[in-house]
1. Using the number of other C-beta atoms within 10 angstrom as an exposure proxy, rank Asp202, Asp194, Asp215 with the fewest first.
2. Obtain the nm distance between the two label points defined at Thr88 and Asn116 by a simple spin-label model: each point lies 7 Å from its Cα along the Cα-to-C-beta direction.
3. Whole-Hz Karplus ³J(HN,Hα) for the stretch 210-224, in order, using 6.51 cos²θ - 1.76 cosθ + 1.60 and θ = phi - 60°, x for Gly and Pro?
4. What order do you get for 73-83, 27-37 when each peptide is scored by the mean count of other beta carbon atoms within 10 Å, highest first?
5. Got a sec to turn the phi values of the stretch 115-121 into Karplus ³J(HN,Hα) couplings, 6.51 cos²θ - 1.76 cosθ + 1.60 with θ = phi - 60°, whole Hz, x for Gly and Pro?
6. Which whole-Hz couplings ³J(HN,Hα) result when phi for each residue of the stretch 187-201 is put into the Karplus expression 6.51 cos²θ - 1.76 cosθ + 1.60, θ = phi - 60°, listed in order with x for Gly and Pro?
7. Rounded to the nearest 20 debye, what is the charge dipole size of the chain about its Cα centre when +1 sits on each Lys and Arg Cβ and -1 on each Asp and Glu Cβ?
8. Between (i) 0.94; (ii) 1.40; (iii) 0.97, which entry matches Rg/Rh (Cα atoms, Kirkwood Rh) as derived from the coordinates of this structure?
Amino acid sequence: MNLISVEQLSFGEYTQSLPSPTSLIALGMKPYDGSAVLELNPTLVFPILEMLLGGTGKMPTKITREITEIEQSILDGLLRVILHDLRTAWLAVAAMEFSIESHETEPQLLQILAQNEAVVAIAIEVRIGEISGMMNLGIPSIIVKMLRHKFDAHRTVRKTQATEEEHARILRLIRPGTLRLDARLNGPTMAVPDLLDLKEGDVLSFDYPVGRPLDLTVNNSLKYQGEIVAVGYKRALEIKSLVTRE
């Protein structure tokens with residue numbers, strides 16, 4: 001499935017953009033008044049029908065005729081799957097039951113909305129192996145506007161989820177990075193001339209009690225405190241606390 005476009009059109013413009021003949025289904029949208037329109041192009045319908053009947057779906061020639069009543073009854077099984085998926089997709093915004101109200105083959109004969117009434121037209125490309133065709137869904141704009149506040153609430157939830165996903169993505173990017181760790185004895189300071197006068201044998205008094213924790217800096221930023229421990233023949237720093245600053 002590949003989303004091609006989402007736009008607002010008048011119902012007249014929407015029906016004029018559809019091929020003729022084609023497979024048109026008027027959909028009820030309970031508990032809301034009004035009907036949506038689902039259109040399946042012949043380039044998609046006939047290969048699907050052949051596959052449902054055991055064929056490969058590879059049509060040698062392009063078929064543009066109207067579908068028969070028998071073919072429509074076979075197609076109804078697929079439509080029930082599509083309506084179930086539509087209900088599931090809308091459930092995050094509003095509980096809505098889609099049902100088949102009528103079938104039509106000519107867009108100009110579909111009289112479920114006024115010609116100047118606005119619809120949200122959603123065009124989707126459907127690919128099944130080497131076969132591709134268009135599926136179009138038209139939803140009355142007035143129903144979408146009625147659910148505007150629910151869309152806003154859903155968008156807020158999605159934004160929170162997107163933020164968490166973004167945090168995980170950033171974490172994956174920085175995992176290979178390296179940091180410099182330094183354990184420091186923060187004692188008295190010394191002037192540069194005194195430092196330059198140091199020579200072998202001089203003793204420096206750090207005035208640092210044995211029980212005082214050592215600071216551990218991460219890239220020169222104080223993050224932890226701990227104490228010196230022995231690890232085999234080496235010395236290490238055991239972290240005792242996390243340093244938090246306002």
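Just so you know, all these numbers are worked out from the coordinates, no wet-lab data involved. Everything numeric in this text was worked out from a predicted model, so none of it was measured. Because the Cβ atoms are built from the backbone with ideal geometry, glycine has one as well, and the counts that use them run over all protein chains shown.
1. Placing the least packed residue first, the sequence is Asp202, Asp194, Asp215.
2. Computed distance between label sites Thr88 and Asn116 equals 4.1 nm.
3. For the stretch 210-224, the Karplus-derived couplings read 4, x, 6, x, 8, 8, 10, 9, 10, 6, 6, 10, 5, 10, 9 Hz, x marking Gly and Pro.
4. Numbers: 73-83: 13.9, 27-37: 17.5.
Result, highest mean Cβ count within 10 Å first: 27-37, 73-83.
5. 4, 8, 6, 7, 10, 8, 9
6. x, x, 9, 9, 6, 4, x, 5, 5, 6, 8, 4, 9, 4, x
7. 820
8. (ii)
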